[in-house]
Amino acid sequence: MASSASVSGRGGGFLLPPAAVAAAVLLAVAVVHARGAPAAPCVPRVFSFGDSLADTGNFPFLYGNDSREPALRTPYGETFFRRATGRFSDGRLIVDFIADTMGLPFVRPYLSGRTAEDFASGANFAVGGAMALGPDFFRGRGVPMGDRMHLGVEMKWFHDLLDLLCPADRADCMGMMNQSLFLVGEIGGNDYNIPLLSRVPFEKIRTFTPSVVAKISSTVTELIGLGAKTLVVPGNLPIGCVPNYLMIFKSDKKEDYEPETGCLRWMNEFSKYHNRLLIDELEKLRKLHPGMSIIYADYYGAAMEIYRSPEQFGIDHPSAACCGGGGPYGVSMTARCGYGEYKVCDDPQKYGSWDGFHPSEAAYKGIAIGLLRGTYTQPSISTTISSCPQLTELGSSVEYKNCGTVLHLTVVAQVIGWLLFSVHFL
């Protein structure tokens, strides 16, 4: 039996009296007047590729009948959506914050749409568990690997979508491609995670990195060939700060840990190695495609801000999981979030990790702010997409200020939710 802190408004119901409904209407009107009309979208569409760090709901369409997958049920999604959406966190992901700041709705999972109209604002091809390289790469190197999603399949889906959007001639999609924003990742983490958890020697895993980076590079090149002009390519997160790895690779040697963060030094050095190779590869691509905006998203640097100064983000436990099996890192070998005798913290916003492998919404938000303000994008996304006032209006704090984005829309969404609830039951 899982123990979980109660969430206000979840389960059960209540009836708003007419006076409360009227008050809600007035509040909604007041919010709109106070904030002004929503800004026009900075880009017409966002297209996203990646793994569980970016999957907004494809996973349930592929594995919805697998009762062993905790991410298909609560407490996943409880912080923002109040239900499981297929996101591997308690709430929103980086792609959600980016899309919203761009003035777009959350990016629709590709597998949830059927018509061209369904993808009017873009599509998300990311799938939880996806890898950059196909399973044959690992099998050929003696690494046991079942059939898994990978970047090649996601790109096949993208080609299928182009056929849907522009059935007569692919050239009809060029204008849309030119103006859209492409998020190519985060991808590649599972190319290391799965071998690490299978106890493949670390020296061997390190040899995979050039191939992982080459696959990301070839995908960027393919998208440019199809008409993409603005591409954001994230690096890897600091995996030495991941609670499950801190538990699995616990060491008695003080020198194995970073003194400032308590993260595993050798694992973070590996993340930086991957990122260095990726940065060098993206620089080569910029020289080959001088008219394109190829932006490196420094997930590592943005995340390390949280581990070094968690109080700046309202986080008390940066290297612990909110949902898991307890212990110093919030995880254990006998239980995991949504499975076994797991526990859920009272306030996920105080934790850097949600389930021991994936960041919490609070951490994702902090990373997204660092990217959107331009501090951790090279070149700066805030100057690359220069026609986006929402980006220039981002404040210097973790919270959004007067930019008409997530926090403001959340208020309106809550008001609309109250109204719909009342209309349904009155």
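Nothing in this text is a laboratory measurement; each read-out follows from the coordinates by a stated rule. Everything numeric in this text was worked out from a predicted model, so none of it was measured. We place every Cβ from the backbone using ideal geometry, glycine too, and count neighbours over all the protein chains shown.
With a cut-off of 17 Å, note down the residues of the range 136-166 whose backbone N falls inside the zone around a label point 7 Å from the Cα of Asp66 toward its beta carbon. Within reach of a label on Asp66: 136, 144-151, 153-154. Computed 3J(HN,Hα) for the range 182-187, one whole-Hz value per residue from the Karplus formula 6.51 cos²θ - 1.76 cosθ + 1.60 where θ = phi - 60°, is 10, 10, 9, x, 6, 8, glycine and proline marked x. What is the gain in length, in nm to one decimal, between Arg141 and Glu311 on full extension, counting 0.36 nm per residue of separation less the C-alpha to C-alpha distance? Working it through step by step, the gained length comes to 56.8 nm. Each semi-axis of the equivalent ellipsoid for the range 108-265 is √(5λ) with λ an eigenvalue of the Cα gyration tensor; in descending order they amount to 36, 17, 14 Å. Stokes-Einstein diffusion for the range 245-333 at 20 °C, viscosity 1.002 mPa s, with a Kirkwood radius from C-alpha pairs, works out to 138 µm²/s. The amide H of Glu186, built 1.01 Å from its N in the peptide plane, has Asp51 as neighbours under 5 Å, considering only residues 5 or more places off or on other chains. Annotation: extensible slack from Arg82 through Ala120 equals 11.1 nm (criterion: 0.36 nm per residue apart, minus Cα-Cα distance). Does a label point 7 Å from the Cα of Lys284, set along Cα-to-beta-carbon, have any residues of the range 190-222 with amide nitrogen under 20 Å, and which are they? Answer for the range 190-222: 206-222. Note on the range 46-394: with charges restricted to the Cβ of Lys and Arg (+1) and Asp and Glu (-1), its dipole about the Cα centre is near 540 debye.
Compute the length gained on full extension between Met176 and Ser387: take 0.36 nm times their separation in residues and subtract their Cα-Cα distance, giving the result in nm to one decimal.
Full-extension gain reported as 74.3 nm.
Volume of the convex hull of the range 214-291 (Cα atoms only), normalised per residue: 111 Å³.
For the range 68-128 versus the range 256-290, the spacing of their alpha-carbon centroids is 27 Å.
Debye sum, Cα scatterers, the range 46-394, no solvent: what log₁₀ I/I(0) at q = 0.13 1/Å? Relative scattering, expressed as log10 I(q)/I(0), comes to -1.01. Proximity of backbone amide H atoms, modeled 1.01 Å from N, is registered between Ser353 and Ala320, Cys322, Ser360 at under 5 Å, excluding neighbours fewer than 5 places apart on the same chain.
Computed from backbone phi with θ = phi - 60° and the Karplus coefficients 6.51, -1.76 and 1.60, the 3J(HN,Hα) list for the range 358-363 is 10, x, 6, 4, 4, 5 Hz; x is used for glycine and proline.
If you wrap the tightest convex hull around every Cα atom of the range 199-256 and split its volume per residue, you get 123 Å³. Take the Cα of Lys272, step 7 Å toward its Cβ, do the same at Lys253, and the gap between the two points is 1.7 nm.
Checked against a 24 Å cut-off, the cross-linked pairs Lys253/Lys365; Lys215/Lys253; Lys229/Lys287; Lys284/Lys365; Lys156/Lys229 give Cα-Cα distances beyond that limit for Lys253/Lys365; Lys215/Lys253; Lys284/Lys365.
The GluC sites (Glu not before Pro) of the range 233-282 meeting both criteria, a DSSP state outside H, G, I, E and B (loop) and at most 14 other C-beta atoms within 10 angstrom of the site's C-beta, are Glu260. By its C-alpha gyration tensor, with a ≥ b ≥ c as the square roots of the eigenvalues, how is the range 43-198 shaped: rounded for a/c under 1.5, else prolate for a/b larger than b/c, else oblate? Note, shape of the range 43-198 comes out oblate.
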